[in-house]
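Sending over a structure as structure tokens; questions will come in a sec.
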Amino acid sequence: MTTIRRLPEALAQKIAAGEVIERPASVVKELVENALDAGAAELRIELLDGGKSLVRVQDDGRGMGREDALLCFERHATSKIGDEEDLARIATLGFRGEALASIAAVARVVLKTSDDAAHPGTAVEQEAGERRSVSDISFPRGTSVEVRDLFFNLPARRKFLRSGSSELTVIAKQMTVVALGHPGVRFHVLHGKREILNAPAVAGLRERVFQLFGKSVLDRLVEVSFEEAGYRLGGLASRPPRGKADRAHQFFFVNGRPVRDRLFQAALNQAFRGLLERDSHPEAFLFLTLPFEDVDVNVHPAKSEVRFKESQKVFHAVVRGLEASLRGGPRIKDIILERGFPEKRIGTFKVEDGRQDSLFGARDTGPSGVAEPPFPRVLGQFLMTYLIATADTGVYIIDQHNAHERILFDRFKEEKSRGRLPRKSALFPILVDLSPAQALVLEESREALDESGFRVEEMGGRTVVLREYPDLFGPDGAREAFLAVLEEMGGDKTGDIRDRILATLACKSAVKAGEPLLREKMEYLVAELFRLENRALCPHGRPIMILIERGQVEKGLKRQPN
Ligand code: ADP
Ligand code: MG
């Protein structure tokens, strides 16, 4: 009896396609990479419904002749590598020869291309992996690939796509990364008639950062330039002590390819340790060039991961490169107290889950029959980050920031249920330069922002003026909170958008880790916290406190409970 069957070709194709193409942004990524590999100087990207109904990428690259135009839809057909040796030293963005085949397996595709304007060009139509037509056309040198109705033949996949505007935000972020990696290329991205990004070719990275993020971002960066044993690190990074409130501006390119790897994050943290203002993160637009042999890009079908032959060497090159470039800047290490965060919570401590502390309810009495005080008594602060408080139950270690966040979040929610959040008008206009993705998010969420206290006016381009902001911040704090809210909403997180805005406001206005607190403030925090019913987790889902139970203390010290 045999139970194993060979899958029909069409089904096998669909399965393979799913690994490369996950959402409209993957289509954009593959088509844009092909255009760049073809040496294009100008790319025009047109989208409808967040790319779900249309992605069209047109380039002025070298184009294809008739035979190639037919071959390019075959799986494992590529002009970029020929043998195993090539695979070990990949200089192009593509090399697996499966993007076009994958896209064509799950969408309706029209390819138009010409490698020489003197000869007729070629149009090829593919649908669900089948060829529909081939014809002569007149076409300028270059290529246009039009992809309609992504996943029309995979309804389960199509159902999982997010709304058009969410998919569009993903694409806008991705195109921002691509544009950073190729300052010499013009990118024009349109959603229907709306211009999402228009970035003409510029001389270099500085100009591109200016184009994409504005002057204020560029002003806080320094040039990074370093070379050692065949490893070259170039780009821009934060000029200490100024960082950014979040990690949104951390971009790494390895041999021209945008890469996500924790190694870079770790190297950044190491190089900037003690150099930046409290609660700020380094910004980095870093380009690492190393011998092709030393990096394996063939790790994942989407090619966003790489494997280094010697990751220690890469790590040290990045750290040394950054340190060399940052040296000479003010060192504020000695002024700022090092914050020692525990690497992980110690296993035997219990994270309070809010359900088991009935000792604090009104009817509860302690072992002696005397009513417990209403909440734990504050002893002081530990590492200027944790409040230590005791009750008969045990010793509480409370994260001051997470606790305050929870208190503020609940209060904001309450205030909002009674109307809008209190706001104030800016005395002086607060100018904010937005990235393309932030500008999109703003447009989508104007109403929710307005309810939360932010009133914004457009200035033309991607510059906006903050006219009103929640009455929790000063002007600088308001700008930071506004950007943090946009970042939060542009992220991939789910959950009620209005709650997420409130959580971000709570986070930005809460006391920080590492902040010294007066006794009154500590007592206020603990009292407010223990008044709440829901005090186990902060609005982002992180635990607020751990409890070392009295029994644990007694057992550890070998004392009889009394
Ligand atoms: P890969 O990029 O991994 O080679 P693709 O399926 O993306 O695989 O593309 C297959 C081949 O089609 C490429 O190797 C290239 O020769 C050709 N091709 C695809 N897009 C373009 C384009 N925009 N301009 C010129 N040639 C292209
Ligand atoms: Mg490709």
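Taking the Cα centre of segment 377-547 as origin, sum charge times position over the Cβ atoms of Lys and Arg (+1) and Asp and Glu (-1), and report the length of that vector in debye to the nearest 20.
360
Next up: Using the Cβ atoms and a cut-off under 10 Å, what net charge is assigned to the surroundings of Phe252, where Lys and Arg are +1 and Asp and Glu are -1?
+1
Also, I was wondering about something else. Which peptide among 129-135, 377-383 comes first, and what is the full order, when sorted by highest mean count of other Cβ atoms within 10 Å?
377-383, 129-135
Turning to a different aspect of this structure: If you count only protein heavy atoms with a 1.4 Å probe, what accessible area per residue comes out for the chain, rounded to a whole Å²?
Per-residue value: 50 Å².
Arg141 versus Glu523, label points 7 Å from Cα toward the beta carbon: distance in nm?
8.1
Is any residue of segment 480-514 close enough, with backbone N under 18 Å, to a label point placed 7 angstrom from the Cα of Leu383 along the Cα-Cβ axis, and if so, which?
Counting only backbone N, you get 511-514.
May I pose another question? Would you mind calculating the gained length between Asp149 and Arg131 on full extension (0.36 nm times residue separation, minus the Cα-Cα distance), in nm to one decimal?
Length difference between fully extended and current span is 4.8 nm.
Could I have the simple spin-label model distance between Ser79 and Arg158, label points 7 Å from Cα toward Cβ, reported in nm to one decimal?
My value for the distance between the label points is 3.3 nm.
Let me ask something else about it. I'd like the Karplus ³J(HN,Hα) series for segment 390-405: coefficients 6.51, -1.76, 1.60, θ = phi - 60°, whole numbers in Hz, and an x wherever there's a Gly or Pro.
10, 8, 5, 5, x, 10, 9, 10, 10, 6, 4, 5, 4, 5, 5, 4
Amide H to amide H under 5 Å from Thr78: which residues, 5+ apart in sequence or cross-chain, H placed 1.01 Å off N in plane?
The answer is none.
Right, something else. Work out, step by step, the length gained on full extension between Lys424 and Met459: first 0.36 nm times the residue separation, then minus their alpha carbon distance; give nm to one decimal.
Length gained between Lys424 and Met459: 10.6 nm.
My understanding is that a pair violates if its Cα-Cα distance is over 26 Å; which of Lys52/Lys508; Lys29/Lys508; Lys313/Lys512; Lys215/Lys313; Lys413/Lys521; Lys313/Lys508 do that in this structure?
Table pairs above 26 Å Cα-Cα are Lys52/Lys508; Lys29/Lys508; Lys313/Lys512; Lys215/Lys313; Lys313/Lys508.
Taking the alpha-carbon distance from Lys555 and a cut-off under 16 Å, which lysines remain once sequence neighbours fewer than 8 residues away in the same chain are dropped?
Once the sequence-local lysines are set aside, what remains near Lys555 is Lys350.
For segment 414-559, just say rounded, prolate or oblate: build the C-alpha gyration tensor, square-root its eigenvalues into a ≥ b ≥ c, call rounded for a/c under 1.5, and beyond that prolate if a/b exceeds b/c, oblate if not.
prolate
Using the Cα atoms of segment 220-336 to build a convex hull, what is its mean projected area in square nanometres?
7.0
A follow-up question, please. Counting each DSSP H run of 4 or more residues in the chain as -39500 (n - 2.57), what helix-only mean residue ellipticity at 222 nm follows after dividing by all residues, to the nearest 500 deg cm²/dmol?
-10000 deg cm²/dmol
Which far-off residues, 5 or more places away or on another chain, put their amide H under 5 Å from the one on Ala117, with H placed in the peptide plane?
Those qualifying (amide H under 5 Å, at least 5 residues apart or on another chain) are Arg141.
Additional query: For the chain, what is the convex hull volume of its Cα atoms per residue in Å³?
230
Then there's this: Got a sec to turn the phi values of segment 2-9 into Karplus ³J(HN,Hα) couplings, 6.51 cos²θ - 1.76 cosθ + 1.60 with θ = phi - 60°, whole Hz, x for Gly and Pro?
Result, rounded to whole Hz: 10, 10, 8, 10, 7, 5, x, 3.
With each pseudo-label sitting 7 Å past Cα toward Cβ, what's the Asp471-Arg194 distance in nm, one decimal?
If labels sit at Asp471 and Arg194, their model points lie 3.3 nm apart.
To the nearest Å, what is the center-to-center distance of segment 190-256 and segment 24-81, using C-alpha atoms only?
25
The values are calculated or read from the model by the stated rules, or taken from the named source; none is laboratory data. Everything quoted here is computed from the prediction, not taken from an experiment. Cβ sites come from the backbone with ideal geometry, for glycine too, and all protein chains shown count toward neighbours. Surface accessibility is based on the protein's heavy atoms, side chains included, excluding ligands, DNA and RNA. Shrake-Rupley method; radii C 1.70, N 1.55, O 1.52, S 1.80 Å.
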